[in-house]
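Visitor: The structure follows.
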Amino acid sequence: MPQLTNADAEDVAQRLERVAMRILITHPVRDDSICIGATSFLPRKFIDRITADFFLVTTEAVLRQRMHGWRFEWEEYGADLWRAVCELSVEFSGRYDARAAAAQIRQEQEAAEAA
């Protein structure tokens, strides 16, 4: 199973922070969310749970399990978070595949040069 590089994990984390802000902005303002910022809505510990073994977050149920203890209503915000995680997963899977293909080409070129 592929793993995110440290740089990719940080990129995903930063993008999840922006997603959190977008989710907050697009949902109706409620009394209990007026002063909530992105880092309160989606604290780093939850982002770390998402990015740990990121490519194993293959279903909404897996994401929901990783978000255990999140204080916001899954029914209201979870679908948007899941959608964002899916988009990031597709993008970063593509990055991983491109890197793997480039590494394979380099190995083949090195083998051909050595022969």
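The values are calculated or read from the model by the stated rules, or taken from the named source; none is laboratory data. Since we're looking at a predicted model, the values are computed, not measured. Don't worry about glycine lacking a Cβ; one is built from the backbone with ideal geometry, like all the others, and counts go over all protein chains shown.
Visitor: Considering the stretch 19-43 alone, what residues qualify as being surrounded by 12 or more Cβ atoms within 10 Å (Cβ to Cβ) and either among the polar types (S, T, N, Q) or at pLDDT 90 or above (or both)?
Guide: Val19, Ala20, Met21, Arg22, Ile23, Ser33, Thr39, Ser40, Leu42, Pro43
Visitor: So Arg99 ticks every box in (1) surrounded by 13 or more Cβ atoms within 10 Å (Cβ to Cβ); (2) assigned to a loop (DSSP other than H, G, I, E, B) but one. Which box is left unticked?
Guide: (2)
Visitor: Here is a further query. When you look at Trp70, is it of a type outside the set (Gly, Ala, Ser), surrounded by 10 or more Cβ atoms within 10 Å (Cβ to Cβ) and in a helix (DSSP H, G or I), yes or no?
Guide: The answer is no for Trp70.
Visitor: Moving on to the next point. Take the stretch 53-67 and flag every residue that is free of Cβ contacts under 8 Å to residues at least 12 places away in the same chain and surrounded by 13 or more Cβ atoms within 10 Å (Cβ to Cβ).
Guide: Passing the criteria: only Val62.
Visitor: Which one is surrounded by the most Cβ atoms within 10 Å (Cβ to Cβ), of the residues in the stretch 73-96 that are closer than 22 Å to Asp8 by Cβ and either among the polar types (S, T, N, Q) or touching a Lys or Arg at 6+ places or on another chain (Cβ under 7 Å) (or both)?
Guide: By that ranking, first place goes to Leu88.
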